[in-house]
Each structure stands twice: as C-alpha cells, then as structure tokens.
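Read-outs throughout are calculated quantities, based only on the coordinates presented, and are distinct from any laboratory measurement. In this text the structure is predicted, and so the values were computed from the model without any measurement. As a convention, Cβ positions derive from the backbone with ideal geometry for all residues, glycine included, and neighbour counts pool all protein chains shown.
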Amino acid sequence: EILVEVTLPVLNSGEGWAVNEFSRRHGDYGVAVVMGTLRLAGDGTISGARVGACAISTVPVVLREVEELLIGEKPSLELFEEAGQRSKEAVTAVEDPTTPPEYRRHVLSGLVRRTLQEALERSEAHHE
C-alpha cells in the first residue's frame, strides 16, 4: 500500500492544534508522538477534541477516553493532567529492548499534557 493523498480540514475560529514527539536523540524514531486539536465554545469550554498517539503501540491510536474527558470542560492544568493519566491507561505500549512499556506510557502522559496546553494556546489565539 502507498499513501497518495492526505486531506486536512481548515481550522475554524476557536480551534488550535499541536504535535509533540519525544525521542532519545534527534532523528531517532520517537518513543511517543502525540497530536491533537481543541475547539473552544463561546463560553470557554471545550466543545471539540481530537487526540491521537503513535510510536507508543503497534498502530496509531485515537485516545477516545481522553477526548471524552475533555468535552464540555473548562480547560485547566488539572484537566490536562488527568487527561495525561488517562492516556497511560488507554494504550498497550510496545516493548522493545531499549524502551520498557512503563517508560513509554510515562512519556505519553507528559506529551498529552503538553500537546493539550499548546493546542489550547493556539485555539485562544485563533478565537474571534
């Protein structure tokens, strides 16, 4: 199979995105990668969230438990911390000779928090 096209939607007002990767050395395959978008409603609550991860498992995963946690909530560091904790429970991390699954899940948790915070900052900057 070969990928021949990717279509990305244009972000609307109040939407922000972020992508974060952790690898041991520049250019190495990532220990974990997280990408996400947040959409803010007029009252400041999160009305839309998409959060996914790759390099953590054998296939890319959508972190639905994290998305469901975020919808309808006011963004906060505590909320993003909880999202990071839930992400660790939502994946089966791969094991390899250099990276234990527990370490991958720990990295994933931090990347989820960082990604959500960066997406929030962009959504606030993009809010009309």
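Annotations
- Inter-label distance for V94 and A41, nm, one decimal - labels placed 7 Å from Cα along Cα-to-Cβ: 3.9 nm
- For a label point 7 Å along the Cα-to-beta-carbon line of E65, residues of the range 30-58 with backbone N under 12 Å: none
- Helix 77-90 and the long axis of the chain differ in direction by around 40°, with both axes built from C-alpha atoms.
- Angle of helix 101-125 to the longest C-alpha principal axis of the chain, folded into 0 to 90 degrees and rounded to 10: 20°.
- Ordered from longest to shortest, the equivalent ellipsoid semi-axes for the range 10-90 are 24, 14, 11 Å, each the square root of 5 times a Cα gyration tensor eigenvalue.
- Distance (nanometres) between label positions extended 7 Å along Cα→Cβ at T7 and E102: 4.6 nm
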